Amino acid sequence: MSSYSVNEYFQCSHCGKQVELAWWHTNRTLNVTSSYTNQTYEVARYAVVNTAPRPEGYLEDYLAANGADIEVPYNDTQKADLYAELASGAESGLDYSSRCVVYHVVKGPVLIILRY
């Protein structure tokens, strides 16, 4: 088993971060121009191009787009947009579990934020 010095580890880690940053720059950035200052900013965003349910959440995604509880059925374009939005949310690293709960106290409901 080989051992790495802190400097070697940093160099390897730094290189990986440069590669990831280049990927984000190529695949997930866009220019936004302020209507107030007319300055243009480069913004990175989560934006997965996806037109089908995610493999890891297939049933949940499929039901979100096709469930019996949907009053007006989505057309194919709306479904594709929804699948892309769900995949983009998953790419962010946040899951879709509850991030907050309502805790009832004597004076009324209180919103408690769950920290992780």
**Q.** Only one of Asn31, Asn38, Asn27 that is at pLDDT 80 or above, at positive phi and not aromatic (Phe, Trp, Tyr)
**A.** Asn38
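Within the range 91-114, does at least one residue satisfy the condition of being modelled with pLDDT of 90 or more, among the hydroxyl-bearing types (Ser, Thr, Tyr) and not in a loop (DSSP other than H, G, I, E, B)? Before you say what the answer is, go through the steps one by one.
Just the residues of the range 91-114 that are modelled with pLDDT of 90 or more, to begin with: none.
No, there is no match, as no residue in the range 91-114 is modelled with pLDDT of 90 or more, among the hydroxyl-bearing types (Ser, Thr, Tyr) and not in a loop (DSSP other than H, G, I, E, B).
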Q) So which residues in the range 49-70 are exposed (fewer than 15 other Cβ atoms within 10 Å of the Cβ), small (Gly, Ala, Ser) and over 30 Å from Thr26 (Cα atoms)? A) Gly67, Ala68
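The values are calculated or read from the model by the stated rules, or taken from the named source; none is laboratory data. All of these numbers come straight from a predicted model, not from anything done at the bench. Glycine gets a Cβ as well: all are built from the backbone with ideal geometry, and neighbour counts include every protein chain shown.
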